[in-house]
Amino acid sequence: MPRERPREERHREERDRREHEPERDRREPERDRREPEPDRRAGKPERREPEGERPRPHPRRPALVARDAARSAARHVRGLTGRTPEGVTSLERTEDGWTIGIEVVETHRIPDSTDLLAEYQVELDDRGELLSCRRTERYYRGRAENRT
């Protein structure tokens, strides 16, 4: 069974081998000078597609992720109603944006279980701009939900 050499010994051998290689082998290969480099001052360089291959369509990536959409919706509700949002009740990606449900305390009462809450449905586009906002429901905090 061959004995395994220590790491330092292997590194030393590799270094010695590299030192004795001819100088030309250690240089970077020369660039192909047949094609001139594109003029970058004139704009974007020309892209050439390999023959026989079609360019792949880039998947559509939403400009706004769910977390940012919810924050943007809460910010819009606060600006429109003047009330601080309690939380996000729903979040749905639509074809051209987001639909978010935001819960707001409309009236503070004592005890807290009798607070009057409202849910606002906010529609945003892909950039987080407000498309629509409407109050869809009002209810007491202590009441059981009978929503379908």
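The table for this structure:
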| quantity | calculated |
| --- | --- |
| Single unsatisfied condition, L124 versus (1) in contact (Cβ under 8 Å) with a residue 24 or more places away in the chain; (2) out of contact with any helix residue (DSSP H, G or I) (no Cβ under 8 Å at 6 or more places or on another chain); (3) part of a strand (DSSP E or B) | (2) |
| Flag for L130 being open to solvent by 60 Å² or more (accessible area, probe 1.4 Å), among the hydrophobic types (A, V, I, L, M, F, W, C) and over 19 Å from the mean Cα position of the chain (by Cα) | yes |
| Filtered residues of segment 88-125 (kept if open to solvent by less than 30 Å² (accessible area, probe 1.4 Å), under 23 Å from the mean Cα position of the chain (by Cα) and at negative phi) | W98, T99, I100, G101, I102, V122, L124, D125 |
| Test: Y139 is assigned to a strand (DSSP E or B), among the aromatic types (F, W, Y) and modelled with pLDDT under 95 | yes |
| Candidates R135, R78 - the one that is touching a Phe, Trp or Tyr at 6+ places or on another chain (Cβ under 6 Å) and open to solvent by 60 Å² or more (accessible area, probe 1.4 Å) | R135 |
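The values are calculated or read from the model by the stated rules, or taken from the named source; none is laboratory data. All of these numbers come straight from a predicted model, not from anything done at the bench. Backbone-built Cβ (ideal geometry, glycine too); neighbour counts: all protein chains shown. Ligands, DNA and RNA are excluded from the accessible area calculation, which covers all protein heavy atoms including side chains. Shrake-Rupley method; radii C 1.70, N 1.55, O 1.52, S 1.80 Å.
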